[in-house]
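Below is one structure, written out as structure tokens; the observations come after it.
The values are calculated or read from the model by the stated rules, or taken from the named source; none is laboratory data. In this text the structure is predicted, and so the values were computed from the model without any measurement. When we count neighbours, we look across all protein chains shown, and the Cβ atoms used for this are built from the backbone with ideal geometry, even at glycine.
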Amino acid sequence: FKKLDDLSDIAGKRVLVRVDLNVPMNGGKVTDTTRIERVLPTIHELSEKGAKVILLAHFGRPKGQRVADMSLEPVAQPLADLLLAPVDFADDCVGKSAEDAIAELSDGDVLLLENTRFHAGEEKNDPAFAKDLAELGDIYVNDAFSAAHRAHGSTEGIAKLLPAYAGRTMQAELEALGSALGEPKRPVLAVVGGAKVSSKIDLLENLVGKVDMLVIGGGMANTFMAANGINVGKSLCEHDLADTARRIMAAAEKSGCEIVLPADAVVAREFKAGAENETVALDAIPSDAMMLDVGSASITKVAEKIDAANTLVWNGPLGAFEIAPFDKATVAAARHAAERTKSGKLNSVAGGGDTVAALNHAGAADDFSYVSTAGGAFLEWLEGKELPGVKALEA
Ligand code: 3PG
């Protein structure tokens with residue numbers, strides 16, 4: 001794919017930049033600016049070179065209609081504050097209001113267009129909608145890896161109609177992911193947690209064929225343990241997926257991937273912060289208790305695997321990290337990985353859903369080699385799927 005380095009003479013050009021501004025919002029206020037911060041380098045670079053920077057983004061899932069509380073307008077000011085430059089806003093992403101706002105731009109100015117998903121053509125990837133978007137610019141830059149799993153007008157359709165380039169965040173993301181699973185320094189360790197196996201079957205099947213060690217944690221570990229004949233009591237467990245779990249373990253054995261399951265269990269009778277709990281051996285999980293975290297024997301085992309690895313891919317927490325004290329294993333493992341990364345011995349890449357929150361909670365995110373802000377896109381990448389927004393840049 002082409003990068004911003006391949007762009008020259010862009011002064012005065014209209015550059016359409018697809019960004020991901022699908023940020024957490026509460027009562028019309030942005031509550032977490034991580035994704036906004038990620039898009040700054042590309043905007044700065046293009047603006048400094050004198051381009052007219054026109055931002056395309058979606059927000060929420062308004063299903064092709066104008067929904068007042070899914071406007072991107074509340075994002076314009078926080079973006080301007082972080083950019084240290086004004087950001088204009090147009091209340092539609094195509095048509096007259098967008099055209100008029102673009103006509104007013106001076107070189108280096110930044111304009112944010114309203115939610116692309118207010119038009120049904122966006123999610124349908126309607127060629128007519130992609131053409132309307134493309135007519136607003138001379139060049140297209142995609143800096144939204146986290147939306148690249150969607151084959152939409154502003155991520156895929158438009159890339160075929162204009163000279164298309166990867167933005168700096170897209171580039172960093174693809175380079176980080178490539179270094180973790182593309183051509184990694186072995187041994188490669190994957191840590192996969194989270195509640196359910198059902199949402200991660202494809203991911204586990206892909207990973208056992210690629211990595212050397214796979215730690216399975218969180219609620220999904222219970223399903224694997226139950227498949228191995230362990231009584232998991234009242235723990236979250238998808239008993240109907242026992243065969244799937246056994247199939248994944250057999251595939252791992254065949255490909256030489258070591259699967260690492262919990263060695264002990266932290267159990268409680270209530271799912272709430274501060275619930276009374278105890279650490280027990282795997283053959284002693286009380287029938288009326290549920291596993292909410294793993295204990296020190298498991299933490300030691302995970303730490304040993306991290307020490308044995310040169311590359312780490314992390315997705316999902318190891319326990320119910322959102323309610324203390326069941327965050328212990330996730331925090332300990334995250335900090336251990338952060339330390340090894342800091343000492344230059346580990347390339348650590350993390351992403352997907354709760355993962356960023358878990359690493360932030362552990363105070364470890366800044367020390368990982370790369371933390372992706374992508375949710376679904378990161379998972380699809382871990383599943384080994386081709387992302388349409390990335391593919392369109394390669395065409
Ligand atoms: C995300 O938040 O993961 C991306 O912005 C994609 O959003 P979507 O799942 O609504 O397509």
TODO: Pick out the one residue from MET291, MET249 that is surrounded by 22 or more Cβ atoms within 10 Å (Cβ to Cβ) and of a type in the set (A, V, I, L, M, F, W, C).
DONE: MET291
Open item on the list: Show the residue pairs meeting these rules: Cβ distance below 6 Å; 6+ apart or different chains; first residue within region 54-82 and part of a helix (DSSP H, G or I) and away from the ligand (no atom under 16 Å from the Cβ); second residue modelled with pLDDT of 95 or more and polar (S, T, N, Q).
Closed with: none
- [ ] Scan region 45-88 for residues that are surrounded by fewer than 24 Cβ atoms within 10 Å (Cβ to Cβ), touching a strand residue (DSSP E or B) at 6+ places or on another chain (Cβ under 6 Å) and under 22 Å from ALA120 (Cβ atoms) and jot them down.
- [x] GLU73
Open item on the list: Only one of LYS210, LYS160, LYS196 is of a type outside the set (Asp, Glu), surrounded by fewer than 21 Cβ atoms within 10 Å (Cβ to Cβ) and within 24 Å of ASP327 (Cα to Cα). Can you tell me which?
Closed with: LYS196
TODO: Could you check how many residues of region 154-183 are away from the ligand (no atom under 16 Å from the Cβ) and part of a loop (DSSP other than H, G, I, E, B)?
DONE: 4
Task: Condition met for ASP240 (more than 25 Å from the chain's Cα centre (by Cα) and in a helix (DSSP H, G or I)) - done: yes
Task: Failed condition for ALA151, given (1) part of a helix (DSSP H, G or I); (2) closer than 30 Å to LEU312 by Cα; (3) within 16 Å of the ligand (Cβ to nearest atom) - done: (1)
TODO: Return only the number of the condition from (1) in the same structural domain as ALA329 (by TED's automatic domain parsing); (2) touching a residue at least 60 places away in the same chain (Cβ under 8 Å); (3) charged (D, E, K, R) that LYS160 does not satisfy.
DONE: (1)
TODO: Take ASP20 and decide whether it is in a loop (DSSP other than H, G, I, E, B), within 23 Å of GLU122 (Cα to Cα) and either among the β-branched types (Val, Ile, Thr) or within 16 Å of the ligand (Cβ to nearest atom) (or both).
DONE: yes
TODO: Looking at (1) under 18 Å from the mean Cα position of the chain (by Cα); (2) away from the ligand (no atom under 16 Å from the Cβ); (3) farther than 20 Å from VAL260 by Cβ, find the lone condition where ALA362 falls short.
DONE: (3)
Task: Those residues of region 365-383 which are part of a helix (DSSP H, G or I) and more than 10 Å from the ligand (Cβ to nearest atom), in sequence order - done: ALA365, ASP366, ASP367, GLU380, TRP381, LEU382
Task: Residue identified as away from the ligand (no atom under 16 Å from the Cβ), more than 20 Å from VAL260 (Cβ to Cβ) and surrounded by fewer than 20 Cβ atoms within 10 Å (Cβ to Cβ) among GLU304, GLU386 - done: GLU386
- [ ] Tell me which of these ALA320 doesn't satisfy, since it passes every other one: (1) at positive phi; (2) crowded, with 24+ Cβ neighbours inside 10 Å.
- [x] (1)
TODO: Report yes if PHE145 is on the phi < 0 side of the Ramachandran plot and in the same structural domain as PRO41 (by TED's automatic domain parsing), otherwise no.
DONE: yes
TODO: Would you check if there is a residue in region 272-293 being closer than 23 Å to ASN206 by Cα, assigned by TED's automatic domain parsing to the domain that holds GLY229 and assigned to a helix (DSSP H, G or I)?
DONE: no
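To keep it simple, each residue is scored yes or no on (1) of a type outside the set (D, E, K, R); (2) under 22 Å from HIS149 (Cα atoms).
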position: ASP5; (1), (2): no, no
position: LEU46; (1), (2): yes, no
position: LYS63; (1), (2): no, yes
position: ALA80; (1), (2): yes, no
position: PRO86; (1), (2): yes, no
